[in-house]
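The values are calculated or read from the model by the stated rules, or taken from the named source; none is laboratory data. Keep in mind that what you see is a predicted model, and the values were worked out from it rather than measured. Please note: Cβ atoms are built from the backbone with ideal geometry, for glycine as well, and neighbour counts cover all protein chains shown. Surface areas here come from the heavy atoms of the whole protein model, side chains and all, with no ligands, DNA or RNA. Shrake-Rupley method; radii C 1.70, N 1.55, O 1.52, S 1.80 Å.
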Amino acid sequence: MIEKAHQNPQAEITAKFNRAASEAKALAGRQAALTRFGQRAVAGGELSDLMDEATTLLARMLRVECCKVLELLPDGQGLLLQAGVGWKEGYVGRARVGVEQDSQAGYTLLSKRPVVTRNLRKERRFKAPPLLAEHNVISGVSVIIFGRERPFGILGAHSTREREFNKDEINFVQAVAHILATAIERKR
């Protein structure tokens, strides 16, 4: 018996080519957006505006519903939702997330590398904080916004559906975080 995948090799090749072309187009779009964002960051302006722009950019380019900048509180005992898109009214500027393994963000700070979860409900490395649970988040990627002496906080992108974040998307989130880190240090 011949398997379906081998019944039409031309269709399989065409599908692979189309996927590769689509991924290349998305990568080029993210690179162009990153360049524009970097130019805005260098031009100066308010950090709050730049953080808002970063979260809007991530949401648009990664096609996710929720993005956030979490600032590490001065005592290091929590993170404050400083900027974001997709959160309920009143959450930005007020919502707090725990550190340690109380959250994906806290786990990211501990691991010192990007953290990706495909399904938060099945996650064993950390718990789903109320912020994510209340917004029906399923998947996400989070990276550290580094500072000179200690991290500034976390940049995260989250989806309400299960999805994979590929290496290029993770690198994109890291690049946005690096631009934010540079702008923050320049302001300080």
Please specify each residue of the stretch 1-36 satisfying the condition of being farther than 30 Å from MET61 by Cβ and at pLDDT below 70.
MET1, ILE2, GLU3, LYS4, ALA5, HIS6
Taking GLY156 and the conditions (1) within 16 Å of GLN174 (Cα to Cα); (2) surrounded by fewer than 13 Cβ atoms within 10 Å (Cβ to Cβ); (3) not β-branched (Val, Ile, Thr), which numbered condition does it fall short on, given that it satisfies the others?
(2)
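Looking at the stretch 47-71 only, could you name the residues that are in a loop (DSSP other than H, G, I, E, B) and out of contact with any helix residue (DSSP H, G or I) (no Cβ under 9 Å at 6 or more places or on another chain)? Break it down stepwise before answering.
Initial filter on the stretch 47-71 (in a loop (DSSP other than H, G, I, E, B)): 63-65.
If the condition is that a residue be in a loop (DSSP other than H, G, I, E, B) and out of contact with any helix residue (DSSP H, G or I) (no Cβ under 9 Å at 6 or more places or on another chain), then ARG63 is the only one that fits.
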Looking at ILE170, ILE184, ILE179, which one is in a helix (DSSP H, G or I) and either closer than 24 Å to ARG118 by Cβ or open to solvent by 70 Å² or more (accessible area, probe 1.4 Å) (or both)?
ILE170
Kindly indicate the residue of the stretch 101-121 that is among the hydrophobic types (A, V, I, L, M, F, W, C) and under 12 Å from VAL143 (Cα atoms) and also most open to solvent (accessible area, probe 1.4 Å) among those meeting that condition.
LEU110
Those residues that are buried (at least 23 other Cβ atoms within 10 Å of the Cβ) and under 11 Å from the mean Cα position of the chain (by Cα), I need them from the stretch 122-142; list them, please.
GLY140, VAL141, SER142
Among the residues of the stretch 41-63, is there at least one that is in contact with a Phe, Trp or Tyr (Cβ under 9 Å, 6 or more places away or on another chain) and over 17 Å from ALA177 (Cβ atoms)?
no
So, in the stretch 64-82, exactly how many residues are at pLDDT below 95 and either open to solvent by less than 10 Å² (accessible area, probe 1.4 Å) or under 16 Å from the mean Cα position of the chain (by Cα) (or both)?
1
Of GLY29, GLY98, GLY38, GLY86, the only residue that is touching a helix residue (DSSP H, G or I) at 6+ places or on another chain (Cβ under 8 Å), closer than 19 Å to ASN171 by Cβ and open to solvent by 20 Å² or more (accessible area, probe 1.4 Å) is GLY29
